[in-house]
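A short worksheet on the structure shown next.
Please treat every number below as a calculation from the coordinates, not as lab data. If you're wondering where the values come from, they're calculated on a predicted model, not measured in any experiment. Cβ: placed from backbone, ideal geometry, glycine included. Neighbour counts: every protein chain shown.
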Amino acid sequence: MKIAFLNPSGILGGAEISLLDILASLREAQPDWSFHLILGGDGPLAHVTRALGVPTSVLPFSPALTALGDSGSDAPGDAHLSRFDLFKSVTSALAGSFRYIVRLRSALRALEPDVIHTNGFKMHLMGLWARPQLVPVVWHIHDYVRPRPVMARLLRRYASQCRAIMANSNSVAEDVRSVCGVSPEVCTVYNAVNLEYFSPDGPRIDLDSLGGCAPPKDGVVRVGLLGTMAWWKGHKTFLQAISLLPPTLSFRAYVIGGSLYQTRGSQYTVDDLRSFAAELNISDRVVFTGFVDDPASAMRSLDIVVHASTRPEPFGLVIAEAMACGRAVVASDAGGASELLNQGVNALGHPPRRAFTDSAVFFWASLV
Ligand code: GLC
């Protein structure tokens, strides 16, 4: 069995961590199978997969195709992408896409895969359009489709040509069925977590010095949000919740992560969030560490890991990872994330976007 995996970028977001776990597990379970990964952009993912022994090639998307994305179309304020912006980026990406399909087809022809596994919206389509001789294509869908005006139409139009669809939660599976229909079958495959890496005991990181701050005094509770800067990951809700905590409470907040994506309208920058913290008058209570490449050590350095997505989270890998690290977890209780939460047992849930409830929940979590 030879599988070609296609991923749109080389960054290490949640969907890529999930892909890495699949590759590592398949290599162990099926030593005779061969794999090849094709990326639409270079980045740390390529180094990790090569170190794992998976041949990886980078077939770069054009800059216009890299920047194309419709996830900002329902974003608020500064992250919002208007229909006109979207139209402009689709048209400028078109020519590059045709050339890309030709190059991808010849790369796939040379690999002669038995199955093509695609991870990420652009590759779901590219994989189908470029596959040689009707090689079966499996879509692994990590995000909701319905809120994306362009992608939802395209996936609906082409879904019947792929062999099977995997979704990372029942909630995403339902969403995909509601857009693409019942054929092909959509099955839920939850993400795994590497328990050797994400474990309660192990190294910690000095988050304060990463953020250029002196360490806090003993007994200070560390509460932090880790993740990409996608606008819907709830950084602003988190900061608002921090601003509502009584100043007498001994805590320090951490925003861990940087802007990874190159897709227009998809994320905040650290500077946007710093200004927001300044507006809320909490700059002295928040540390911005920037991107950290060892999330388990970062989580172990916190007392409470917060997940604050403002819209339903498709799965919420960070929630499962923080649980595996034995941290107190506060999570936004909606979408696929709800499938992971057992309220009051493995996490404290709160409704998305409710800074006041979040703040009460942090307060509670800090006492437990
Ligand atoms: C995407 C989803 C996230 C999920 C990850 C892995 O990044 O937004 O919820 O945890 O994929 O499936």
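For the chain, what is the per residue volume of the convex hull drawn over the alpha-carbon atoms, in cubic angstrom?
Residue-normalised Cα hull volume stands at 131 Å³.
Return the sequence-ordered ³J(HN,Hα) values of the range 342-354 in whole Hz as given by the Karplus equation 6.51 cos²θ - 1.76 cosθ + 1.60 applied to θ = phi - 60°, using x for Gly and Pro.
Running phi through 6.51 cos²θ - 1.76 cosθ + 1.60 with θ = phi - 60° gives 10, 3, x, 9, 9, 6, 10, x, 9, x, x, 6, 9 Hz.
For the range 281-292, take each phi angle, set θ = phi - 60°, evaluate the Karplus expression 6.51 cos²θ - 1.76 cosθ + 1.60, and give the result in whole Hz per residue in order, putting x for glycine and proline.
Values, residue by residue: 6, 10, 4, 7, 10, 10, 10, 9, 8, x, 5, 10 Hz.
If contacts are Cα pairs under 8 angstrom and at least 6 residues apart, what is the relative contact order of the range 95-205 in percent?
In percent, rounded to a whole number, it is 20.
If we count GluC sites (Glu not before Pro) as exposed when they sit in a DSSP loop and have at most 14 other beta carbons within 10 Å, what is the longest stretch of the chain that avoids them all?
It runs 1-184.
For the range 26-70, what percent of Cα pairs sit more than 14 Å apart?
That tail contains 57 percent of the Cα-Cα pairs.
Run the helix sum for the chain: -39,500 (n - 2.57) per DSSP H stretch of 4+ residues, divided by residue count, reported at 222 nm to the nearest 500 deg cm²/dmol.
Helices in the chain give a 222 nm mean residue ellipticity of -11500 deg cm²/dmol.
I need the trypsin sites (Lys or Arg not before Pro) found in the range 110-209, filtered to DSSP loop residues with at most 15 other beta carbons within 10 Å of theirs. Mind dumping the intermediate values first?
Numbers: sites: K122, R153, R156, R157, R163, R177, R204; in loops: R163, R204.
For trypsin sites (Lys or Arg not before Pro) across the range 110-209 that sit outside H, G, I, E and B with at most 15 neighbouring Cβ atoms in 10 Å, the list reads R163, R204.
Across the chain, how many lysine pairs, 8 or more apart or on two chains, come within less than 28 Å at their alpha-carbon atoms?
Lysine pairs, 8 or more places apart or on different chains, close enough: 5.
Whole number please: convex hull volume per residue, Cα atoms of the range 199-289, in Å³.
Considering the Cα atoms of the range 199-289, their hull volume per residue is 119 Å³.
Please say if the range 207-367 is rounded, prolate or oblate, where rounded means a/c under 1.5 for a ≥ b ≥ c the square roots of the C-alpha gyration tensor eigenvalues, and otherwise the choice is prolate for a/b larger than b/c and oblate otherwise? Don't skip to the answer; put the middle values down first.
Details: a/c = 1.30, a/b = 1.07, b/c = 1.21.
In terms of gyration-tensor shape, rounded.
Which whole-number percentage describes the relative contact order of the chain, with Cα contacts under 8 Å and a sequence gap of 6 or more?
15 percent.
Given an 8 Å cut-off on Cα distances and at least 6 residues of separation, report the relative contact order of the range 207-367 as a percent.
26 percent
List the residues whose amide H sits under 5 Å from the amide H of V58, counting only those 5 or more places along or on another chain, with H placed 1.01 Å from N in the peptide plane.
For V58, the qualifying residues are L39.
Show the residues, 5+ positions off or on another chain, whose built amide H is closer than 5 Å to the amide H of A167.
I141, C187, T188, V189
Report, by chain and number, residues whose modeled amide H sits under 5 Å from the one on R252, excluding near sequence neighbours (fewer than 5 apart, same chain).
Amide H neighbours of R252, under 5 Å, 5+ apart: V221, R222, V223.
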